[in-house]
Amino acid sequence: MRSELRAAIAQIAADRGISKEAIITILENALKAAYKRSNSLAANKNVRVDISSADDVRIYVQQTVVEEVEDEHVQIGLEEIRRINPRLKVGDIHEVDDTPKDFGRIAAQTTKQVLLQGFREAERDHIYETFADREGDIVNGTIQRIDAKGITIELEPRAEALMPPQEQVPTERYRVTQKIKVYLVEVQKNHRGAQLIVSRTHRNLLRRLFEIEVPEIFNGTVEIKSIAREPGLRSKVAVAARQEGVDPVGSCVGMRGVRIQNIVNELYGEKIDVLPWDADMSKYIANALSPAQVVKVELEDAEKSALVLVPQNQLSLAIGKEGQNARLAAKLTGWRIDIKPVTAGAAASAVSSGYNRSSGGEDDFARLARAALSREAERAETNMQASFAKAAAMTGMNFDDDANGDADSAPAAPQGETRKVRKDGTFSYNGVTLGPLPPHLADQTVSLLDNGQRLLVMWGDELIRAFRADEYNGGEDASEEQEEGSAEAERETRKVRKDRMVVFRNQTYGPLPEQYVGQQVELEINSEHLDIYANGELIDSYLVSE
């Protein structure tokens, strides 16, 4: 082979990533096609191309030695071959050098076309063989194009992968020329070559990142048992140690959180909870709901469902924003999880029923219930004393035992009414709209204490606000205005429509809760508000349209 041809083959192999042997095979096939194209009589002949010759490329026509010739293009008779080469016998191959001096323009074009086609097919096979073994692994690439079909990523020269829209993280922003790590989901081979599908949303992307950042996971000391992921938002990873004395969670987090922070940065700020896996499903579910504290887990093995009891102040944390924490815990464990709060009533019920998990004594839940009842009673008594004393001081009343030397001589606490706070924080009293109260009291029921001088608004045992008498009675003409207000506050009755709306003064208000569809409700105008009552209870309030 000439040095020029050898150098050209080496250059093509380096540029296209194809082996030299494959290039030589493609070149031989191209020269065979050109030879047959230039010589019509050689169309059915067996041809061998020799490019290893030191001088030049040679083309040989092959014929098989037979006793009786049936096809003279590929066979030669025994008697005839004995005159040419007596050493050949039946079944041997006889070669005749038939190298043309010049292929011509048409043959040269044929050679070029076959070469290019061969190179393309070899490249496709090379890409498929390279990435078929890497399916399910992380690959690095550069974003080349972004269009409606997806994002095209160049993994290596002449190897492109597609990231469809469903495999893209909604919270991430991609740009052309951006370097990115992706998870190779699938490698397909079709008539167009290898088709690579990559993803940024696959949960195994998180698994591979942990294997890269955490040596204990890579060497098998720590095992990832389960992963639940909402791409771009939050993930939960359950890990367990295969070797005694190894902290699986600490290994994943790393010194000062360096390891987990590297993974979070790669996922552009996605929150990751690493929690210990446990063979006891009750403990595993409790761990999965972290950072919320769990009181008790009751399992229903037949339906793979769990009832989880959490303290009242931990309920929102256990459920998470828009149910995210509970949803991820269910995905992680594979169980349906129902979360209930441990209220004072639930604690009282547990204690009064003598709940014990075993006959040996109280479990954690019973002890917590008793402690909760004790704390609740102490807090209620303390807060009630402080709040009522504060309310009494504001109204100029004295409830101290030593005020007159006799505790029995102290005036009794005024009796009050209850009102439901509207969504805008206001409520009605004596036909007057008062407020607004703090936002957290919307749709809550408050107690009203009227001693003739002030109207005290209480929520439980806490004093929320006090109104002067002239604010809700109107000063000197309070009795007259109260009578007028009572007249104006006469209620009208309306039937709730199927669309949960009611009509008042040619305006529609609602929607009301679904259970009131078809029922009669009472409407009452209080200042600028339309209050809607059912069975004497305020169910909603709206601003009256002009």
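Annotations
- Qualifying strands (runs of 3 or more DSSP E) (wholly inside segment 105-193; at least 1 residues being closer than 20 Å to ILE18 by Cβ): 150-156, 159-163, 179-190
- When the residues of segment 119-143 are filtered to those that are hydroxyl-bearing (Ser, Thr, Tyr) and under 17 Å from VAL182 (Cβ atoms), the one that is farthest from the chain's Cα centre (by Cα) is THR130.
- Of all residues in segment 261-276, exactly one satisfies the criterion of being buried (at least 20 other Cβ atoms within 10 Å of the Cβ), more than 22 Å from ILE319 (Cβ to Cβ) and either among the polar types (S, T, N, Q) or without any contact (Cβ under 8 Å) to a residue 60 or more places away in the chain (or both), namely ILE263.
- On the stretch given as segment 271-313, residues that are within 26 Å of ARG207 (Cβ to Cβ) and assigned to a strand (DSSP E or B) total 7.
- Selection status of GLY518, farther than 16 Å from ARG419 by Cβ and either at pLDDT 75 or above or assigned by TED's automatic domain parsing to the domain that holds ARG419 (or both): yes
- Residue satisfying condition, being of a type outside the set (Val, Ile, Thr) and modelled with pLDDT of 70 or more, within set ALA22, ALA42: ALA22
The values are calculated or read from the model by the stated rules, or taken from the named source; none is laboratory data. Note that the structure is a prediction, hence the values are computed from the model and not measured. Because the Cβ atoms are built from the backbone with ideal geometry, glycine has one as well, and the counts that use them run over all protein chains shown.
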